[in-house]
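Okay, so here's the structure we're looking at.
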């Protein structure tokens, strides 16, 4: 790996292992988040009425976790939330199901591609990393060659082995955007994950995904060359201008 | 569509072809989502906007004028707030539905309780706000904010396809691409017509259907300041 570029990432083996373990830990931590602990608030009164929704004073403190009208901490009564059914599509980060799931093999031909539908329909968030990382690693290996050099992908584990792409595969299979709401600076796609994994190299950043982030250049660069810049698709900004204020996106054409 | 061989090497080890699904953000990513564009997610965005968190869920790639959100589906933004990366947190989902007139209703749900709710015609750029003022939502057609030189990637695919004798290393990486292929790839990715022309943004001039939310941070950070976000469409 070339190291003359400040943006190049040389991750010590110990950090690589650390990265994998916490990526997996993160992905496995989501199963038990909902304890059904609904807490009604006592004696809150909010005197607001809007549209069809009437607010009331809520005095119950033993609201069971049901799908009936649930009380909020503001004491407002809301219509019953709908039950969410079978999943049709899902997405966290850009170019994951498109580029890392059977993107380069004959599994997907014509109009058939069962694994991509399976990915979209997989609601078992706790097992995402375990289930999808092995497939992602195969695709990451091919994308690593786009710059003509193997072994220089972000978080690549040397020596070259079947597990060399496992770290980044596990992190990306936890397919969610990470946003640090406590950090005002928002300049870097993947910024929250990178700062956590390698704080000495990556400054604190809210991460997330802003509209103008060059996500495809960053993806190309990280996967082909192990850098956050350097491999560009030639398009670095949108055709229409974003606004800093709501609703942020440009008017339709 | 014919099956293209990305790396039709002499080595029998490799039988790599290019799937007929778009290499985009999430536009047209699988056969199942192509049957109804209104539930085909194109992109998810999130960032800090002052004391609020901006969240966007876009669907309907290459949306035509008059395209509508499904009135049978749920549009969901899932969040989990934690103290730090890798530590279990608190899940809060924003679930939105539309009726036939495209009036939107969104619930902010955590731990089985609805924390906030907003409903109405959110098609004006100012959108609508919940009674608490903590949730603002817009829903309607917008410019597709995704930008990418899709043709450049396809050119790169074609050039790798033409390479012969390619084998992979122990990690699965094609490690002996011909120098001519490597040079071609460098030009392909950032241009058009194999690098002879300027890059073209395939998504320029295209529209999507967009759900734009601005949500008070306090609704999304009960488990800590680090928020993981993903979007889904559901039955």
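The values are calculated or read from the model by the stated rules, or taken from the named source; none is laboratory data. Worth saying up front: this structure is predicted, and the values here are computed from it rather than measured. Heads up, the Cβs are rebuilt from the backbone with ideal geometry, glycines too, and the neighbour counts pull from every protein chain shown.
If the condition is being surrounded by 23 or more Cβ atoms within 10 Å (Cβ to Cβ) and assigned to a helix (DSSP H, G or I), then region A:107-137 contributes A:116, A:119, A:120, A:128, A:129, A:132, A:133, A:136, A:137. Filtering region A:203-241 to residues that are closer than 28 Å to residue A:182 by Cα and within 7 Å of chain B (Cβ to nearest Cβ) leaves A:206, A:208, A:209, A:210, A:211, A:216, A:237, A:238.
As a summary of the residue check, residue A:196 satisfies the conditions (1) assigned to a helix (DSSP H, G or I); (2) more than 7 Å from chain B (Cβ to nearest Cβ); (3) more than 30 Å from residue A:241 (Cα to Cα) except for the one numbered (2). You will find that of B:131, B:124, the residue that is in a loop (DSSP other than H, G, I, E, B), surrounded by fewer than 18 Cβ atoms within 10 Å (Cβ to Cβ) and in the same structural domain as residue B:222 (by TED's automatic domain parsing) is B:124 and no other. Scanning region B:43-57 for residues being crowded, with 20+ Cβ neighbours inside 10 Å and either at the interface with chain A (Cβ under 8 Å from one of its Cβ atoms) or without any contact (Cβ under 8 Å) to a residue 60 or more places away in the chain (or both) gives a total of 9. Strands (runs of 3 or more DSSP E) fully within region B:1-107 that include at least 3 residues being at pLDDT below 95 and touching a strand residue (DSSP E or B) at 6+ places or on another chain (Cβ under 7 Å): B:4-7, B:16-18. In region B:148-235, counting only helices (runs of 4 or more DSSP H) that sit wholly within it, the ones holding 2 or more residues that are in contact with a strand residue (DSSP E or B) (Cβ under 8 Å, 6 or more places away or on another chain) span B:150-162, B:217-220. Return yes or no: is residue A:185 within 11 Å of chain B (Cβ to nearest Cβ), surrounded by fewer than 20 Cβ atoms within 10 Å (Cβ to Cβ) and touching a residue at least 12 places away in the same chain (Cβ under 8 Å)? It is true that residue A:185 is within 11 Å of chain B (Cβ to nearest Cβ), surrounded by fewer than 20 Cβ atoms within 10 Å (Cβ to Cβ) and touching a residue at least 12 places away in the same chain (Cβ under 8 Å). Just one of the numbered conditions (1) at the interface with chain B (Cβ under 9 Å from one of its Cβ atoms); (2) surrounded by 24 or more Cβ atoms within 10 Å (Cβ to Cβ) is not true of residue A:170: (1).
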